[in-house]
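Reading through the structure tokens given below for one structure.
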Amino acid sequence: MEKLVIEGGTPLYGDIRVSGAKNAALPLMAATLLAPGEHILRNVPNLRDTRTMGRLLEYLGASVRREGDTLFIDTTNLTADDAPYEMVKTMRASVLVLGPLLARLGRTRVSLPGGCAIGERPVNFHTAGLQQLGAKCRIENGYIEAESGNLRGERGGRLQGGTVYFDMPTVTGTENLLMAAVLADGKTVLKNAAREPEIGNLIDMLEGMGAKISGSGSDTLEIEGVAELAPADCTIIPDRIEAGTYLIAIAASGGAGRVTHCAPAHLPSLVEKLRQSGIAVAVEEDTIAVGWEGEREVASVDIKTRPYPGYPTDLQAQFMALMTLSNGVSTIHETIFENRFMHVAELRRMGAKIKTDGRFAVVTGLGMKGLRGAPVMATDLRASSSLVIAGLAASGRTDISRIYHLERGYENLVDKLSGLGAKVWKEEE
Ligand code: EPZ
């Protein structure tokens, strides 16, 4: 097993290019199941998770071919209608095949994702929503067994348009219901839907395939079902979480640089919070630059994670790492997941002063040079990126084990950081 080694204390300078968004690529790959034919997806990051989704599509009978950052996915001949536990357990987002398989085949069997390091993460909103569209869903031996039906009680037919209200905005829940509703008979309304940019990317793809959807970007989506869809040719949006991670890393190192090929409009809250922290932020069309106007000093700032366009939970851990370097005390309130402070104990190993109480963390800053390198362990994708940021800012050596978590969501991380002057490399454990 590999670990990541960082010799910290070097300010980062230069440009870093953002890849396509993991959390857009996964639902868009699943959406190719909705229409037989060859689909073209561009700007698809080459990650552990997108490879897993590719294998799941191949298991279902699709062919998946990569040329550079373009995927050619042919879903003409599906030979299976289930997503086995063996695949789903490695990546929860596999549940995203539930909606499209049910819509296309009228029945499917998808393993329940189970819990994960950051929370229980049930999928009850997904199944409850599908039942609003006339599906019969039951949990059997750890699997969601789902079958569509119509008012005449016939099974396996088209889903029926209906109204779905989500108790709280759910990203993959909204995506699953969108993909189920585009081929349903009649109109579907999704209320209190999630508004993340990745959902907008999915809607653009579906509309390009012939779907009828209105309300993109709002919390109410209306879908007029159609009888069939055509194969897609679309581009994955830039990864706002990868962009945010690198912006925070550059600032925390005391350096200055630009994140390019990103979508600044997708990071309103982070740009605001970085500016409140005393970091100079310049936004251009597809570039965000960070640097300093005066003293390299980070001001303490409070954050509260919220559904988009609020501050993203996927950038909470990274911002906490920055706050360990501040000149004051900050509060971090995690409202989305019940157990997303796994990085705290590891940051403490590097000397960070953090108190937690449930979903609140209070961080007492040590100043820019306060952290010390140490051996630490990655526990989940975003927690591991906060340890990378801390390791870059710390004096001395940091060894991060279990970096397979990182490879799920960051493409070419070592090369990209080395390009900014970081002393970072991989070693066998
Ligand atoms: C998506 O997960 C992202 N994953 C997550 O990113 C991200 O943290 C999360 O949205 C929130 O922004 C992908 O897009 C593949 P939710 P998702 O359903 O859809 C509760 C990363 O680091 N809930 O929006 O699974 C749930 O427990 C990953 O890239 C239910 O109770 O998250 C949570 O508290 C981590 N029942 C809240 O809603 C349900 O049926 C929001 O979760 C569904 C969700």
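The values are calculated or read from the model by the stated rules, or taken from the named source; none is laboratory data. Since this is a predicted model, take the numbers as computed values, not measurements. We place every Cβ from the backbone using ideal geometry, glycine too, and count neighbours over all the protein chains shown. Quick note on the areas: whole protein, heavy atoms, side chains included, nothing else; ligands and nucleic acids left out. Shrake-Rupley method; radii C 1.70, N 1.55, O 1.52, S 1.80 Å.
Reported to the nearest whole Å, the Cα centre-to-centre distance from segment 290-306 to segment 53-128 is 39. Over the chain, DSSP H runs of length four or greater, each weighted -39,500 (n - 2.57), average out per residue to a 222 nm ellipticity of -8500 deg cm²/dmol.
Nearest 5 is fine: what % of DSSP beta bridges in the chain come out antiparallel, could you say?
70 percent
Centre-to-centre, using Cα atoms only, segment 164-237 and segment 241-273 are separated by 28 Å. Each of G115, P375, L130 was placed along the dipole of the chain (beta-carbon charges, centred on the mean Cα), and the one lying farthest toward the positive end is P375.
Across segment 99-113, computed HN-Hα scalar couplings (Karplus, 6.51 cos²θ - 1.76 cosθ + 1.60, θ = phi - 60°) run x, x, 5, 5, 5, 7, 9, x, 7, 6, 9, 10, 4, 5, x Hz from first to last residue, x flagging Gly and Pro. Among the GluC sites (Glu not before Pro) in segment 243-338, those placed in a DSSP loop whose Cβ has at most 15 other Cβ atoms within 10 Å are E284, E285, E293, E295, E338. What is the calculated FRET efficiency for E293 to N192, with r their C-beta to C-beta distance and R₀ = 60 Å, to the nearest 0.05? Working from the Cβ atoms, E equals 0.90.
Potential lengthening of the chain between T335 and H261 amounts to 23.7 nm, from the contour at 0.36 nm per residue minus the alpha-carbon distance. Taking 0.36 nm per residue of separation and subtracting the current Cα-Cα distance, fully stretching the chain between A280 and V362 would add 27.1 nm. For a 30 Å ceiling on Cα separation, which of these pairs sit above it: K89/K273; K187/K304; K3/K353; K353/K426; K191/K353? From the list (K89/K273; K187/K304; K3/K353; K353/K426; K191/K353), the Cα-Cα distance tops 30 Å for K89/K273; K187/K304; K191/K353. Computed about its Cα centre, the charge dipole of segment 183-289 is approximately 500 debye, with only Lys, Arg, Asp and Glu carrying charge at their Cβ.
Where both residues lie in segment 296-370, what percent of DSSP beta bridges are antiparallel, nearest 5? Taking every DSSP beta bridge within segment 296-370, about 70 percent pair in antiparallel fashion.
Looking at segment 23-111, the accessible area is 33 square angstrom per residue; that uses a 1.4 Å probe and ignores ligands, DNA and RNA.
Here the relative contact order of segment 248-378, from alpha carbon pairs under 8 Å that lie six or more residues apart, stands at 21 percent.
Toward the positive end of the charge dipole of the chain, with +1 on the Cβ of Lys and Arg and -1 on the Cβ of Asp and Glu, the farthest Cα among A24, S384, P231 is that of S384.
Starting from segment 32-131, pick out the trypsin sites (Lys or Arg not before Pro) whose DSSP state is loop and whose Cβ has at most 15 other Cβ atoms within 10 Å.
Answer by residue number: K89.
The magnitude of the dipole of segment 157-205, with charges of +1 and -1 set on the Cβ of Lys/Arg and Asp/Glu and taken from the Cα centre, is near 220 debye.
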